[in-house]
Amino acid sequence: MKDVLGIKLYTYEEVAALLGIHPTSITRYAKDGKIKATTIGKVKYIPEEEIKNFVLGKGSQTESKPEQA
C-alpha cells in the first residue's frame with residue numbers, strides 16, 4: 001500500500017489478495033472499466049475508494065476510459 005496525498009493506493013496484487021481473487025482478474029476488471037486504476041511510474045494502483053465501491057457493487061464512480069494495460 002502506498003499513501004499519496006492522503007489517498008491509499010494498492011497494487012493489483014494487493015487488491016487481489018484483499019479480495020481473494022487472482023491478480024489477472026483485477027487486470028481484467030480495470031481493462032473493462034469495472035474498477036478505475038491509475039499508473040505512477042510503471043506501477044498500476046487502485047485507490048482505496050475504488051476498492052470499496054467495487055466491493056459494494058457501485059462500480060467506478062467516475063466516468064473515464066477503461067485502464068489501458
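Side notes on the structure shown:
- Here the average projected area of the convex hull drawn through the C-alpha atoms of the range 6-53 stands at 3.2 nm².
- Neighbour net charge for Met1 - beta-carbon separation under 10 angstrom, K R +1, D E -1: -1
- Counting 0.36 nm for each residue step from Ser25 to Lys58 and taking away their Cα separation leaves a gain of 10.1 nm.
- Stretchable slack from Asp3 to Thr39, in nm (0.36 nm times residue separation minus alpha-carbon distance): 11.6 nm
Throughout, read-outs are computed from the coordinates displayed, never taken from laboratory work. All figures in this text were calculated on a predicted structure; none of them were measured in a lab. Here Cβ is always computed from backbone atoms with ideal geometry, including for glycine, and neighbour counts include all displayed protein chains.
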